[in-house]
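The values are calculated or read from the model by the stated rules, or taken from the named source; none is laboratory data. Model, not experiment: these values are computed from the prediction. Every residue, glycine as well, gets a Cβ built from its backbone with ideal geometry; the counts of neighbours run over all protein chains shown.
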């Protein structure tokens, strides 16, 4: 034995337990790498060292570091962790590195039973850390196999502890087959099923105690901040990331403009960029579950039309996308869980919440059969009336669309200019507005651009002829989900358009000057995209009902159960009314039930047996041959009135069967002998013995059909 190794008899099953604990430890921190809570290089070095140690252990060399080496490692760990902590300023990463080093050192210093328990505890902490810092649904692909592996290891661990004084028993082949894969799968499934009620009922905390070190994956885009520069082509338009999921019937057709989600409108143009006027927001108080009216008109007080359920993933913005012309909205689900939330509406009819949500926000929106107009008129000094002062742009509008007046409405001018941009210009994401006069260069030189360039050009141009305008950013169109009326809105659905004031009767009307080649549409997905949507649906379900499950969801479950209970009570009361009119029928039914109960009770008290029920009391399906015969014999004895149960010991059953005669006892004794050999001697019956079992069972059934006492007396007389 090499120096530094420990004698194997010092700790029973040391090699097996070190390998098992090392395997659990090696796999536990894997999700930390993907959650960016652990540097891949550090994990690779740690896994290499741990793997080498386990390789030595597997070959029979169990290394045990002396105390002076452990003290030196402790000093080095303190220095390294100190520098690591104040170099990266990450408490979580420091704790993870310290935990990894401690686990590695502890595995190389196992001397006592308590050391093994500490290693298992450290592996459990690494596993918990992986769960606490991983927020993607793919963590389940790690948790379930790891739980199955841990279950098998821990069951074997308990066997090692029990067999510590009789190690020769562990060398039996039967002991090493425990637990079997089917048993492990059943046990893990039972644990997950038992955990579900606790997940639903345990109190919720407002925010997690541990967060992963997530990389800053926010994209740089324009359109949802409080300033928009149309000279910068936003990357959001190229993103496939899902930002909204909408449940409900969006539209009867798949026309490109059938869904517009209005997010943020701007009215101040400084010649280079758009900005939102400061102030002017009005709080819209609401109670939980109450509707908040959005439209200024008094029409639709009964909230006609359809209701859409919107799940908004974090947009890194306080502004909430709402369908154009929506009549009312209310927070629901995850929206109600946000403490201190309320709704605001500013002068441009933007809907916002008081701070930027860091998780999904759920709300319902009522959308009428026809969009409700926004009749809030701009004031005389409103920024939406401020022209750029370009004579060339004014001449362009008068030439292409005319000038508003008594004979030509503002809406007609806007429609004509909209058609001019849609048909005479072309769409491109690669040519933004630039130059000293970006709008003039776009109209007279480039004549190509993205949606923000078209919306900016039309909004500025209409102001030159006295029509108030504002630029609106949001989303256009959606993609059908895989199941039901579920619609997905991605980053590529981001869009910009124009709202123009068309008089007090029409209010603000939406116009979209972008050529239809740049319009996202409401579309059905291909089967390949549908499969991807299904995966995203699973991810969204996990985010919504696992990560974001909170107090309001628990309250909703309680309310649903209460409503179901009340409906069931109402249904039973309604069903009982006809019986109340004919009381004799109810009395007759009650009499029949009481009579059947009395007969059953009398039969039980008199000792009457129900043989057909015995098959459910002592099952024999899918048993080994001797065990099946043993259970069959038990059922036959139960029919004869013996007081036995499936838990009755074989010796007790033999003693009880002796009262039925020596012949019955002799036959039963052979069956019991084969059963004990099969169950406890690790030896099943051979072919001839199986045939003998069948004959014994038939013989026992024949004997029990007769009176055993008379049969025995007849045999004695014959011999005499």
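Check residue 645 against each of (1) assigned to a loop (DSSP other than H, G, I, E, B); (2) surrounded by fewer than 12 Cβ atoms within 10 Å (Cβ to Cβ); (3) modelled with pLDDT under 60 and name the one condition it does not meet.
If we test residue 645 against (1) assigned to a loop (DSSP other than H, G, I, E, B); (2) surrounded by fewer than 12 Cβ atoms within 10 Å (Cβ to Cβ); (3) modelled with pLDDT under 60, just (3) comes out false.
Can you tell me which residues in segment 663-679 are within 12 Å of residue 703 (Cβ to Cβ) and surrounded by 19 or more Cβ atoms within 10 Å (Cβ to Cβ)?
Of all residues in segment 663-679, those within 12 Å of residue 703 (Cβ to Cβ) come to 663-668.
664, 667, 668, listed by residue number.
Just wondering, is there one or more residues in segment 480-494 that are closer than 24 Å to residue 347 by Cα, touching a residue at least 40 places away in the same chain (Cβ under 8 Å) and either part of a strand (DSSP E or B) or in contact with a helix residue (DSSP H, G or I) (Cβ under 6 Å, 6 or more places away or on another chain) (or both)?
Let us first name the residues in segment 480-494 that are closer than 24 Å to residue 347 by Cα, namely 494.
Subsequent filtering for residues that are touching a residue at least 40 places away in the same chain (Cβ under 8 Å) retains 494.
Next cut, either part of a strand (DSSP E or B) or in contact with a helix residue (DSSP H, G or I) (Cβ under 6 Å, 6 or more places away or on another chain) (or both) only: 494.
Within segment 480-494, one or more residues are closer than 24 Å to residue 347 by Cα, touching a residue at least 40 places away in the same chain (Cβ under 8 Å) and either part of a strand (DSSP E or B) or in contact with a helix residue (DSSP H, G or I) (Cβ under 6 Å, 6 or more places away or on another chain) (or both).
Is there a residue in segment 416-433 that is in contact with a strand residue (DSSP E or B) (Cβ under 6 Å, 6 or more places away or on another chain), assigned to a helix (DSSP H, G or I) and crowded, with 17+ Cβ neighbours inside 10 Å? Even if it seems obvious, please write down each step before you answer.
Looking only at segment 416-433, we keep the residues that are in contact with a strand residue (DSSP E or B) (Cβ under 6 Å, 6 or more places away or on another chain), and these are 418, 426, 428, 431.
From the residues that got through so far, the ones that are assigned to a helix (DSSP H, G or I) too are 418.
Then drop every residue that is not crowded, with 17+ Cβ neighbours inside 10 Å, which leaves 418.
The answer is yes; a qualifying residue exists.
Looking only at residues that are on the phi > 0 side of the Ramachandran plot and surrounded by fewer than 21 Cβ atoms within 10 Å (Cβ to Cβ) in segment 466-497, which one is modelled with the lowest pLDDT?
Within segment 466-497, the match that is modelled with the lowest pLDDT is 484.
Restricting attention to segment 648-703, which residues are assigned to a loop (DSSP other than H, G, I, E, B) and touching a residue at least 40 places away in the same chain (Cβ under 8 Å)? Outline the logic, then answer.
So in segment 648-703, the residues assigned to a loop (DSSP other than H, G, I, E, B) come out as 648-649, 661, 681-686.
Of everything in segment 648-703, those that are assigned to a loop (DSSP other than H, G, I, E, B) and touching a residue at least 40 places away in the same chain (Cβ under 8 Å) turn out to be 661, 682, 684, 685.
Just to be sure I understand, how many residues within segment 351-365 are touching a helix residue (DSSP H, G or I) at 6+ places or on another chain (Cβ under 7 Å), buried (at least 19 other Cβ atoms within 10 Å of the Cβ) and not in a strand (DSSP E or B)? Reasoning before the result, please.
As a first pass, look at segment 351-365 and keep what is touching a helix residue (DSSP H, G or I) at 6+ places or on another chain (Cβ under 7 Å): 359-363.
This time we only want the ones that are buried (at least 19 other Cβ atoms within 10 Å of the Cβ), so: 360-363.
Now narrow it down to the ones that are not in a strand (DSSP E or B): 360.
Going through segment 351-365 one residue at a time, the tally reaches 1.
For residue 463, state whether it is surrounded by fewer than 20 Cβ atoms within 10 Å (Cβ to Cβ), more than 28 Å from residue 311 (Cβ to Cβ) and in the same structural domain as residue 396 (by TED's automatic domain parsing).
Working: surrounded by fewer than 20 Cβ atoms within 10 Å (Cβ to Cβ): no; more than 28 Å from residue 311 (Cβ to Cβ): yes; in the same structural domain as residue 396 (by TED's automatic domain parsing): yes.
No: the conditions fail for residue 463.
Considering only segment 16-71, how many residues are assigned to a loop (DSSP other than H, G, I, E, B) and in contact (Cβ under 8 Å) with a residue 24 or more places away in the chain? Spell out how you get there, then give the answer.
Residues of segment 16-71 assigned to a loop (DSSP other than H, G, I, E, B): 28-29, 35-39, 59-62, 64-66.
Now narrow it down to the ones that are in contact (Cβ under 8 Å) with a residue 24 or more places away in the chain: 28-29, 35-39, 60-62, 64-66.
The total comes to 13.
Out of curiosity, is residue 510 within 30 Å of residue 372 (Cα to Cα), modelled with pLDDT of 70 or more and not assigned by TED's automatic domain parsing to the domain that holds residue 196?
yes
Among the residues that make up segment 326-334, is at least one of them modelled with pLDDT under 85, surrounded by fewer than 20 Cβ atoms within 10 Å (Cβ to Cβ) and not in a loop (DSSP other than H, G, I, E, B)?
Yes, segment 326-334 contains at least one residue that is modelled with pLDDT under 85, surrounded by fewer than 20 Cβ atoms within 10 Å (Cβ to Cβ) and not in a loop (DSSP other than H, G, I, E, B).
Here's a check for you: in segment 142-196, which residue that is within 22 Å of residue 113 (Cα to Cα) and under 24 Å from the mean Cα position of the chain (by Cα) is modelled with the lowest pLDDT?
151
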